[in-house]
């Protein structure tokens, strides 16, 4: 199978490797810790169940600030402990851990790097500004992209990895799904104990770690469950007119996106649902779709920013412990509507809602 330039680490990665990285069905190991699933049915008064995998509690009992907990803590634990990374750690005792991150992954990588006594080096999109206290908690070097959003993010990673020889690239964007597959297996165990039929799971999409690591595992175990991707209307990365069951249409879409990855005339308008992409899905996903003609989910929905914000306020009013991220509210908005129709649905709580700093973006008409 031909090779393609891995634009996130400037190395050659075969398309076969990319396809295998998102194939998690054969991973049988189950996470050895507890995963809490909260049912919002009674609190919401819906006919169907709204099950929430509490990613906002991941590693919470090990953190001084429990509000930082998010599913990336699960991901990086398994990623750092993987055979590939462990071999590099043994071979390069002075090297730093390297990855491209958003806000949640920044915390998780900093935490796990500190735990093994390594410095972390990360690339972030130029618009995303890390909180100042991150440097107080972790020994971390942050490098921003030069160009807008995902374009600058991807190109800067390739630049850094080509110029430095002191880094161990982790590649969460490629190996994140496999790192979360054990979490998916644990979630399946929990779901089986509940004894509920599941009609749909709803997910955000950036690198696809949760979608493919958990969503695909759940789909494999409960094949009648619909897997739904939800995006902000303002920043759709998947054309809503695509017939997802048509390999030809999927391949055509992915190849076109790869040719025109990010618009030169981007208007800087953004939904504010960090860290989702502004224009294009992860290049790994586009390469996967172009190769297989299969996106791995059944439906894609768009949700208006006003609905996201309204859902976030409504959920938080139920219980202050449900003060979740906008990405969580994004999936909850259609999930609650489905539950009102009597459907049993599942979403991920991606973390607690926290104020994020940004620049050069227009969010809800606000220039910052």
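The values are calculated or read from the model by the stated rules, or taken from the named source; none is laboratory data. These numbers were taken from a predicted model, which means no experiment stands behind them. Cβ atoms come from the backbone with ideal geometry, glycine included; neighbour counts cover every protein chain shown.
Output the helices (runs of 4 or more DSSP H) that fall wholly within region 230-346 and possess 2 or more residues being within 28 Å of residue 198 (Cα to Cα) and out of contact with any helix residue (DSSP H, G or I) (no Cβ under 8 Å at 6 or more places or on another chain), or say none. If you could, list the steps in order and put the result at the bottom.
Working: elements: 247-259, 283-292, 305-318, 326-340.
The helices (runs of 4 or more DSSP H) meeting that bar are 305-318, 326-340.
Can you confirm whether region 198-215 contains a residue that is modelled with pLDDT of 95 or more, surrounded by fewer than 23 Cβ atoms within 10 Å (Cβ to Cβ) and over 21 Å from the mean Cα position of the chain (by Cα)?
Yes; the residues of region 198-215 include at least one that is modelled with pLDDT of 95 or more, surrounded by fewer than 23 Cβ atoms within 10 Å (Cβ to Cβ) and over 21 Å from the mean Cα position of the chain (by Cα).
So how many residues does region 121-137 have that are buried (at least 19 other Cβ atoms within 10 Å of the Cβ) and under 14 Å from residue 68 (Cβ atoms)?
Residues of region 121-137 buried (at least 19 other Cβ atoms within 10 Å of the Cβ): 121-128, 130.
Pick out the ones that are also under 14 Å from residue 68 (Cβ atoms) and you get 130.
Of the residues in that region, 1 qualify.
Could you pull out every one of the helices (runs of 4 or more DSSP H) wholly within region 38-93 that has 1 or more residues that are under 18 Å from residue 117 (Cα atoms) and touching a residue at least 60 places away in the same chain (Cβ under 8 Å)? Even if it seems obvious, please write down each step before you answer.
On the way: elements: 41-44, 72-80, 83-91.
Fully inside region 38-93 and qualifying: 72-80, 83-91.
Residues checked against (1) crowded, with 19+ Cβ neighbours inside 10 Å; (2) modelled with pLDDT of 95 or more; (3) assigned by TED's automatic domain parsing to the domain that holds residue 168:
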| position | (1), (2), (3) |
| --- | --- |
| 13 | yes, no, no |
| 21 | yes, yes, no |
| 33 | no, no, no |
| 57 | yes, yes, no |
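Restricting to region 329-356, give me the number of residues that are over 16 Å from residue 52 (Cα atoms) and under 19 Å from the mean Cα position of the chain (by Cα).
Residues in region 329-356 being over 16 Å from residue 52 (Cα atoms) and under 19 Å from the mean Cα position of the chain (by Cα): 3 in total.
Here is a list of conditions, (1) surrounded by fewer than 22 Cβ atoms within 10 Å (Cβ to Cβ); (2) closer than 30 Å to residue 135 by Cβ, and residue 73 meets all of them except one; can you say which number that is?
The one condition residue 73 does not meet is (1).
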